[in-house]
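Reading through the structure tokens given below for one structure.
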């Protein structure tokens, strides 16, 4: 019987296909098997809600059992931690010193810009900053746009 050869999806090397393995696309090298598993897991996380939920729960349990992991990691990897700290300080300074709005904001994607047009309709007004602990009801207002050519005649 002739042996079937195939190229590995990860490293591109030729390998002998085992007829017992379904969809044999990766060679038996450790890095290629890791790539295969990572691809499978990424797909599973994307498509399987139960698997995703289980992984999140397992991660939470692990973190609860290892609360000082990141502290130990930073202590063990001083150079990495220091580089990360420097980069974060640069990002913070850049954000603080920016005189004009950041072109690609980190958050608040729905904020109005000079390009946005206000649409007529009902809106909820909520105070931006408030030292009140309890939740206050928002104000409901109606906004109607007026064309540019409209001349205001006063009250």
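Taking 0.36 nm per residue of separation and subtracting the Cα-Cα distance, what length does fully extending residue 96 through residue 73 add?
5.4 nm
How many nm is it between the label spots at residue 145 and residue 89, if each spot is 7 Å from the Cα in line with the beta carbon?
4.7
Fewest to most neighbouring Cβ within 10 Å: what's the order for 5, 45?
5, 45
What number do you get for the stretch 1-64 when its Cα radius of gyration is normalised by 2.2 N^0.38 Å, N = residues?
My calculation over the Cα atoms of the stretch 1-64 gives 1.50.
Could you work out the relative contact order of the stretch 5-65, using alpha carbon pairs under 8 angstrom and six or more residues apart, expressed as a whole percent?
20
Each value in this text was obtained by applying a stated rule to the coordinates, not by laboratory testing. Computed from a predicted structure; not experimentally measured. Virtual Cβ from ideal backbone geometry, glycine too; neighbours counted across all protein chains shown.
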